[in-house]
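Here's the structure, in structure tokens; my notes come after.
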Amino acid sequence: MNPTDQAILDELNDGRVTPTLVADRHGYSRGNVANRLTRLVEHGHVRRVGGDGTGLYELVNDPRNE
């Protein structure tokens, strides 16, 4: 896990997020955050909510607790 993943997981512990929200709050590029969210989804830690193109994500399980 890298610092971007940590920031994403911290935000997700407080509720649903978009890549833009995480990027704006933590000074990362939106693309970097979106790429890291994709990886977290692939590993089953995060789920994309809805299929309407909003890019809304929620936490499934925090790998830092394992």
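To the nearest 0.05, how large is the calculated FRET efficiency for Arg48 and His26 if R₀ is 30 Å and r is the Cβ-Cβ distance? Mind showing how you got there, number by number?
On the way: r = 20 Å, r/R0 = 0.66.
Approximately 0.95, to the nearest 0.05.
Please compute the contact order of the chain in relative form: average sequence separation of alpha-carbon pairs under 8 Å and at least six residues apart, divided by the residue count, as a percent. Show your work: numbers first, answer last.
Working: 77 pairs, mean separation 21.4, N = 66.
Computed over the chain, the figure is 32 percent.
Please state, as a whole number in µm²/s, the translational diffusion coefficient that the Stokes-Einstein equation yields for the chain at 20 °C and 1.002 mPa s, with Rh defined as the Kirkwood radius across alpha carbon pairs. Present the calculation step by step, with values, prior to reporting the outcome.
On the way: Rh = 11.5 Å.
My calculation gives 186 µm²/s for D.
By how many nm would the segment from Thr38 to Glu66 grow when fully extended, if each residue of separation counts as 0.36 nm and the alpha-carbon distance is taken off? Intermediate results must be reported in sequence, preceding the final value.
Numbers: separation 28, 0.36 × 28 = 10.08 nm, distance 1.99 nm.
Going from the current span to full extension adds 8.1 nm.
Accessible area, 1.4 Å probe, largest first: how do Asp14, Asp62 sort? Numbers along the way, then the final one.
Numbers: Asp14 135, Asp62 15 Å².
Result of the area sort, largest leading: Asp14, Asp62.
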Requested in this report: With a 1.4 Å probe and all protein chains in place, put Tyr57, Tyr28 in order of accessible area, largest first.
Outcome: Tyr28, Tyr57
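The values are calculated or read from the model by the stated rules, or taken from the named source; none is laboratory data. Note that the coordinates shown come from a computational prediction; the quantities given were computed from them, not determined experimentally. Note that we place each Cβ from the backbone using ideal geometry, even for glycine, and neighbour counts take in every protein chain shown. Side chains are part of the model used for accessible areas, which takes the heavy atoms of the whole protein and leaves out ligands, DNA and RNA. Shrake-Rupley method; radii C 1.70, N 1.55, O 1.52, S 1.80 Å.
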